[in-house]
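Read through the structure below, which is laid out as structure tokens, and then see the notes.
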Amino acid sequence: MTLTATARTVTDVLQPRNVLLIGMLGIGLAAAGDWTGILWGLLGALCAGIIPAAYISWERRRGTWGDRHVVDRTKRAPIFFVILASIGLGSLAMVLGHAPTGILIAMLALWAMTIGLLAVNTIWKISVDSAVASAVVAMLAAVHSPWWIAAYGLVIAVCWSRVALTYHTIAQTVAGASLGAATAAAFVVL
């Protein structure tokens, strides 16, 4: 397998939708302490990752973007607004449904991270994939076990793949991962 093919596989397997699906299930389970947390985690994954990914796919079919990576930062704003609306509505449903506090805080942390990504994106390109991977790993470490920090190896793999595919610079992936970690720190404080 070539270096580019390996990078493509890493970036496709560890894309935000997939990372959020696994991560939110784990956070929901920890927050509830029983199987009902899986349902809250699914709602979180739907709103934070699956709906935004579906929106990107829809826009790709319409010809708005060439692929899911939307490498042109000037075309990313609509995605951020869809993410903010989706996470906001999901959070409202969680409040109304009396979701466990931990999963709601995770949603609000992801919402805040998206605001940060949108703000930075107006002037400079930042890696969303790196931010999401970093935030999810750090939140899992906070709710389950510090051993989850070892999964930062996967965050490094995401950063490497984004640079290897020339979608981002090293600085853009480091900034994304740092923003994700800062978001998770806010999650831990709350």
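Counting only residues that are over 27 Å from residue 102 (Cα atoms) and open to solvent by 30 Å² or more (accessible area, probe 1.4 Å), how many does segment 168-189 have?
Result for segment 168-189: 3.
On the basis of being surrounded by fewer than 18 Cβ atoms within 10 Å (Cβ to Cβ), farther than 18 Å from residue 19 by Cα and within 15 Å of the chain's Cα centre (by Cα), does residue 115 make the cut?
Criteria met by residue 115.
Please state which of the following conditions residue 109 fails to meet, knowing it meets all the rest: (1) buried (at least 22 other Cβ atoms within 10 Å of the Cβ); (2) among the small types (Gly, Ala, Ser); (3) without any contact (Cβ under 8 Å) to a residue 60 or more places away in the chain.
Against the list (1) buried (at least 22 other Cβ atoms within 10 Å of the Cβ); (2) among the small types (Gly, Ala, Ser); (3) without any contact (Cβ under 8 Å) to a residue 60 or more places away in the chain, residue 109 comes up short only on (3).
Sort out which residues of segment 143-166 are open to solvent by 10 Å² or more (accessible area, probe 1.4 Å), under 16 Å from the mean Cα position of the chain (by Cα) and in contact (Cβ under 8 Å) with a residue 12 or more places away in the chain, and write them in order of number.
Within segment 143-166, 151, 152, 154, 157, 159 meet the criteria.
If I filter segment 12-50 down to residues being touching a helix residue (DSSP H, G or I) at 6+ places or on another chain (Cβ under 7 Å) and over 21 Å from residue 102 (Cβ atoms), which single residue comes out as most open to solvent (accessible area, probe 1.4 Å)?
Ranking the qualifying residues of segment 12-50, first place goes to 17.
Based on what the data block shows, is residue 48 touching a residue at least 60 places away in the same chain (Cβ under 8 Å) and among the small types (Gly, Ala, Ser)?
When the stated conditions are applied, residue 48 passes them.
If you take the residues in segment 73-84 that are surrounded by 15 or more Cβ atoms within 10 Å (Cβ to Cβ) and assigned to a helix (DSSP H, G or I), which one is nearest to the chain's Cα centre (by Cα)?
83
Do we find a residue being under 19 Å from residue 141 (Cα atoms), under 14 Å from the mean Cα position of the chain (by Cα) and without any contact (Cβ under 8 Å) to a residue 24 or more places away in the chain anywhere in segment 3-17?
No, because not a single residue in segment 3-17 is under 19 Å from residue 141 (Cα atoms), under 14 Å from the mean Cα position of the chain (by Cα) and without any contact (Cβ under 8 Å) to a residue 24 or more places away in the chain.
When residue 70 is evaluated against the numbered criteria (1) open to solvent by 20 Å² or more (accessible area, probe 1.4 Å); (2) part of a loop (DSSP other than H, G, I, E, B); (3) without any contact (Cβ under 8 Å) to a residue 24 or more places away in the chain; (4) of a type outside the set (Phe, Trp, Tyr), which criterion, by number, is the only one it fails?
(1)
Determine whether segment 121-129 contains at least one residue that is surrounded by fewer than 22 Cβ atoms within 10 Å (Cβ to Cβ) and under 18 Å from residue 50 (Cβ atoms).
No: zero hits.
The values are calculated or read from the model by the stated rules, or taken from the named source; none is laboratory data. From a predicted model like this one, the values you see are computed outputs, not experimental measurements. All Cβ positions, even for glycine, are placed from backbone atoms using ideal geometry, and neighbour counts span all protein chains on display. Each accessible area value is taken on the protein alone, full model and side chains, heavy atoms only, with ligands, DNA and RNA left out. Shrake-Rupley method; radii C 1.70, N 1.55, O 1.52, S 1.80 Å.
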